Amino acid sequence: VQLQASGGGLVQPGGSLRLSCAASGNIFRVNNMGWFRQAPGKQRELVAIITSGTGTNYANSVKGRFTISRDNARNAVYLQMDSLRPEDTAVYYCHAVINGPSVYWGQGTLVTVSS
């Protein structure tokens, strides 16, 4: 099983980006999916998570600005990021629990918010 993330880039403060992540391989069941991020010199932190029942949870710092969604037919998870701030600059990693308790991570995609 692999997770492939895409959609990062450079954006000005106040701008928007949409991250995508798709799981591929021998998949029977996808449980929670989510996004984490790691800024330079900081620990990796949860950004948002979505359950198989589409329940969601967000970090306080992104509530009201980011929206997580998933497409179960494509085994994909998305993160719509609006009103981006310089402090959102980080490498974003997608995360999924697949085929029971197995946890998988994508390769990371860099988001840079700067004028």
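What to note about this one:
- Taken over region 23-51, the criterion of being among the hydroxyl-bearing types (Ser, Thr, Tyr) and within 15 Å of the chain's Cα centre (by Cα) is satisfied by THR51 alone.
- Among the candidates GLY14, GLY53, residue that is exposed (fewer than 14 other Cβ atoms within 10 Å of the Cβ), in contact (Cβ under 8 Å) with a residue 12 or more places away in the chain and outside any strand (DSSP E or B): GLY14
- Taking the listed residues ASN31, ASN75, ASN60, ASN26, the one that is open to solvent by 50 Å² or more (accessible area, probe 1.4 Å) and closer than 19 Å to GLN4 by Cβ is ASN26, with no other qualifying.
- Single unsatisfied condition, TYR78 versus (1) on the phi < 0 side of the Ramachandran plot; (2) modelled with pLDDT under 95: (2)
- Matching residues in region 17-51 - criterion: being at pLDDT below 95 and touching a helix residue (DSSP H, G or I) at 6+ places or on another chain (Cβ under 8 Å): VAL30
- Sole exception among (1) surrounded by fewer than 20 Cβ atoms within 10 Å (Cβ to Cβ); (2) assigned to a loop (DSSP other than H, G, I, E, B) for LEU46, by number: (2)
- Considering region 78-106, the residues that are under 16 Å from GLU45 (Cα atoms) and aromatic (Phe, Trp, Tyr) include one that is most open to solvent (accessible area, probe 1.4 Å), namely TRP105.
- Test: residue in region 67-74 that is touching a residue at least 40 places away in the same chain (Cβ under 8 Å), in a helix (DSSP H, G or I) and out of contact with any helix residue (DSSP H, G or I) (no Cβ under 7 Å at 6 or more places or on another chain): yes
- None of TYR93, TYR104, TYR78 is farther than 30 Å from SER115 by Cβ, part of a strand (DSSP E or B) and in contact (Cβ under 8 Å) with a residue 24 or more places away in the chain except TYR104.
- Looking only at region 63-72, and only at residues there that are surrounded by 14 or more Cβ atoms within 10 Å (Cβ to Cβ) and over 17 Å from GLN4 (Cα atoms), the one that is farthest from the chain's Cα centre (by Cα): ARG65
- Flag for GLN4 being within 13 Å of TRP105 (Cα to Cα) and either assigned to a strand (DSSP E or B) or open to solvent by 40 Å² or more (accessible area, probe 1.4 Å) (or both): yes
The values are calculated or read from the model by the stated rules, or taken from the named source; none is laboratory data. A quick note: this is a predicted structure, and the numbers were derived from the prediction, not measured. Glycine also receives a Cβ, built like all others from the backbone with ideal geometry; neighbour counts cover every protein chain displayed. Ligands, DNA and RNA are excluded from the accessible area calculation, which covers all protein heavy atoms including side chains. Shrake-Rupley method; radii C 1.70, N 1.55, O 1.52, S 1.80 Å.
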